[in-house]
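Presented below is the structure to which this report refers.
No value in this document is a laboratory result; all are computed from the given coordinates. A quick note: this is a predicted structure, and the numbers were derived from the prediction, not measured. Virtual Cβ from ideal backbone geometry, glycine too; neighbours counted across all protein chains shown.
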Ligand code: GLY
Ligand code: MN
Ligand code: MN
């Protein structure tokens, strides 16, 4: 097992801890039903630092301790390993995973205090595991009571995110390689759909085609695939994927692969019969123009909020040209008149989590983009067939209702500007119509 990247990250994390202690927990296994579990997916923070894909593990980082990096994890157990698969074990954690010291997870309660004693601050995220929260808080309390006698009694509690998520936001070359691979697999899957799609197919058949591509390439789906035809395209988180597609429908596909813990996140909207109607094409073109205008701006030092502002501007102009919004452009933007049609942000950070970690603001201002930031650009217009019933919704002619379009790509900021990792998935009208 190659541990170079994880070792470098641990080193950087230990340095930034500045003499304090951090406890980072593995994700718990999750029950699917009765005694069957969902496929295990490690917590991204834990994976990022340890490279260990097992539940029931705790990593402790204590730069001041004789063992700055300690892993508590499951012991080797042949009988359990015959049923569930191999475990790294205590020896393996030291030999192959870079731990300065490893102990069985069962020894955490009696050993935790050693790691809390000499630290004025503790970095620990509450709320993931109630039992661990109780143990950590009670050991911290005991430590503070002991400290009271020696006059050194408070230990402040901090979110590890303040260090770790800032690190994760900036992707290094190895991470971008994985993201490029996840993007490549996903692009190939979207291209396969374009060749296969026709009226009469079921949404789940397209889902199967996409996910077959992800699995064949050694990945899996990054998030439940959204295959939303007809008016389902107006449901942002539609994942039922049961409908039979008809001639004249649009199909919104928001689906992509995860590869070696890194995600892509692509949306394409296609005409099921290979031809957009005039109205579908008009809406599609606005979304595409908005997306392209927003992407074109991406370069270092651009305030992140400019991307959404650009997409909003183009969408408002487009909807107003079609007379779906009425009024002067600045007023429409200021009042948020586009929100009934475009009710989400234009994107999010992308990485080990699909909606990846990292602050969007710094000192109350939008963050300035830097090389190594990766995010999605995904404007949309959704004219939900029943949105008329919502108070304050502008009145929309019947013929427009039920159209939903989103287009989403994955953009990495480079020193010179940007690279679109998912540009290979066709989106121009001439490329997606027959
Ligand atoms: N697929 C989730 C999103 O686009 O944010
Ligand atoms: Mn997205
Ligand atoms: Mn998406």
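At a glance:
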{"read-out": "Rh by Kirkwood over Cα pairs, then Stokes-Einstein D for the stretch 212-275 at 1.306 mPa s and 10 °C, µm²/s", "value": "128 µm²/s"}
{"read-out": "Calculated over the stretch 252-367: convex hull of Cα atoms, volume per residue (Å³)", "value": "130 Å³"}
{"read-out": "Cα coordinate range in the stretch 83-175, projected on the principal axes (Å, largest first)", "value": "46, 36, 26"}
{"read-out": "Crossing angle, helix 305-321 versus the chain [Cα axis fit, 0-90 degrees, rounded to tens]", "value": "20 degrees"}
{"read-out": "Relative contact order %, the stretch 1-92, counting alpha carbon pairs below 8 Å whose residues are six or more apart", "value": "26 percent"}
{"read-out": "Linear extension gain, residue 242 paired with residue 260, 0.36 nm per residue minus alpha-carbon span", "value": "3.5 nm"}
{"read-out": "Radius, Kirkwood style, for the stretch 295-434 when every pair of distinct Cα atoms is counted (Å)", "value": "16.7 Å"}
{"read-out": "For the stretch 29-107: Kirkwood Rh in Å [reciprocal of mean 1/r, alpha carbons]", "value": "13.4 Å"}
{"read-out": "Within a Gaussian network of the chain (alpha carbon springs, distance under 10 Å), most fluctuating of 275, 386, 339", "value": "386"}
{"read-out": "Kirkwood-type radius of the chain, with distances r between different C-alpha atoms, in Å", "value": "24.0 Å"}
{"read-out": "Histogram of C-alpha separations across the stretch 25-71, 5 Å bin width, %", "value": "5, 22, 24, 17, 14, 9, 4, 4, 1"}
{"read-out": "Peptides 246-256, 261-271, 4-14 ordered by average Cβ neighbours within 10 Å, highest first", "value": "261-271, 246-256, 4-14"}
{"read-out": "Calculated FRET value between residue 387 and residue 66, using beta carbons and R₀ = 45 Å, to 0.05", "value": "0.10"}
{"read-out": "Net lengthening on full extension, residue 129/residue 431 (0.36 nm per residue, minus Cα-Cα)", "value": "103.8 nm"}
{"read-out": "Overall Cα dimensions of the stretch 170-314 - principal axes, largest extent first, Å", "value": "46, 39, 23"}
{"read-out": "Helix axis angle, 203-216 relative to the chain longest principal axis, alpha carbon, degrees", "value": "40 degrees"}
{"read-out": "Stokes-Einstein D in µm²/s, Kirkwood radius over Cα pairs - the stretch 322-393 at 20 °C with 1.002 mPa s viscosity", "value": "143 µm²/s"}
{"read-out": "Among beta bridges that DSSP assigns inside the chain, antiparallel share in %, nearest 5", "value": "80 percent"}
{"read-out": "GNM result for the chain, Cα springs below 10 Å: residue of 287, 377, 30 fluctuating most strongly", "value": "30"}
{"read-out": "Pairs of Cα atoms farther than 23 Å apart, the stretch 94-233, %", "value": "62 percent"}
{"read-out": "Potential extension, residue 157-residue 296 segment - 0.36 nm per residue separation minus Cα distance", "value": "45.8 nm"}
{"read-out": "Long-range tail of P(r) for the stretch 171-223 (Cα pairs > 16 Å, %)", "value": "44 percent"}
{"read-out": "Where labels lie 7 Å past Cα in the beta-carbon direction, separation of residue 95 and residue 362 in nm", "value": "4.4 nm"}
{"read-out": "Computed [θ] at 222 nm, helices only, for the chain once each DSSP H run of length n ≥ 4 contributes -39500 (n - 2.57)", "value": "-11500 deg cm²/dmol"}
